[in-house]
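Single-structure report; data block below.
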Amino acid sequence: MSRHQTFSKLVQSQQDFVGMVAYTIYKNEKINWIEAFKSHNSREPSAAEVEQGFNVDSDSDFKISHYRSLADSLLNDFIDSSIGEELRIYQDSLKEQAIIKTIQRPLWKSVSENVLSNLIAALIIAGFALIVWLFQAKDNPDFQKEAARQVEQVIKN
Amino acid sequence: MMQKYDAQGRSLAARVNDAMMSGKRLNDYDLPSALKAQILNRRYSEAEINAAYAKASSKNRVAGV
């Protein structure tokens, strides 16, 4: 039986999530070590070779601290991405709500907005037509005569 | 309450896992830079992570998950 106590040193309780992630990092390193051994020696390592080559210091305080530190960093990356993903969903939901709100606006609001915009458009066109008419009328001799006659009539009365 | 599952029925954790496996990190999200910096500056300690895990796992036990 193996004498190393990596699991019990890494995972201190059932609630030690960081330790569980740290153990998977340790296992991944162990698999990588075995794969490297196989490709170098063209055979599986024996239990004794694994014990001497890989497990020799895997449960040392330094290594335990190293695995936990890697797990902590990895978990923080995961938490950051989770917050990013939640915020992205929240952004999308706000956009959807804004679109729905725009589509489902009350009828009176749409009608009053249309009436107001049409009124403004009519006023702009009327103002523009008046300016054009006045501009043309000022150079018209008939208009000038008629205007003078009207002014005289007003003075006489 | 935030939507927990997407249209394909994947949980938030599964989506984040997929994102991380494809190399996507917080900086790749279309979020304001100041907000991203704020999130990145907040580091969770082992104790905080384990406490959150204990809380979530006890909640799941109560719910029978």
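Taken together, the values in this text are just the output of simple stated rules run on the coordinates, not laboratory data. Since we're looking at a predicted model, the values are computed, not measured. Positions of Cβ are backbone-derived with ideal geometry, glycine not excepted, and every protein chain shown enters the neighbour counts.
Overall shape: oblate for region A:29-88, with the ratio a/c of the largest to smallest alpha carbon gyration tensor axis at 1.5 or above and b/c at least equal to a/b. Counting every other Cβ atom within 10 Å of each residue's Cβ, A:156, A:138 order from fewest to most as A:156, A:138. So if R0 is 41 Å, what FRET efficiency would residue B:31 and residue A:135 give, r being the distance between their Cβ atoms, rounded to the nearest 0.05? Efficiency for this residue pair is about 0.15. The residue B:59 and residue B:20 beta-carbon pair, evaluated with R₀ = 25 Å, returns a calculated FRET efficiency of approximately 0.55. The residues A:67, B:53, when put in order of fewest to most other Cβ atoms within 10 Å, stand as B:53, A:67. Estimated from helices alone, the mean residue ellipticity of chain A at 222 nm is -28000 deg cm²/dmol (sum of -39500 (n - 2.57) over DSSP H runs with n ≥ 4, per residue). Among A:39, B:58, the order by Cβ neighbours within 10 angstrom, fewest to most, reads A:39, B:58.
What does the charge count near residue B:21 come to, summing +1 for each Lys or Arg and -1 for each Asp or Glu among other residues with Cβ under 14 Å from its Cβ? After counting each charged neighbour, the total is 0. In summary, the helical segments of chain A meeting the span-like criteria, namely a full DSSP H run, a Cα extent along the axis of 15 angstrom or more and a mean Kyte-Doolittle hydropathy of at least 1.0, are A:107-137. Starting from the Cα of residue A:146, move 7 Å in the Cα-to-Cβ direction to define the label point; list residues of region A:107-133 whose amide nitrogen is under 12 Å from there. Correct set: none at all.
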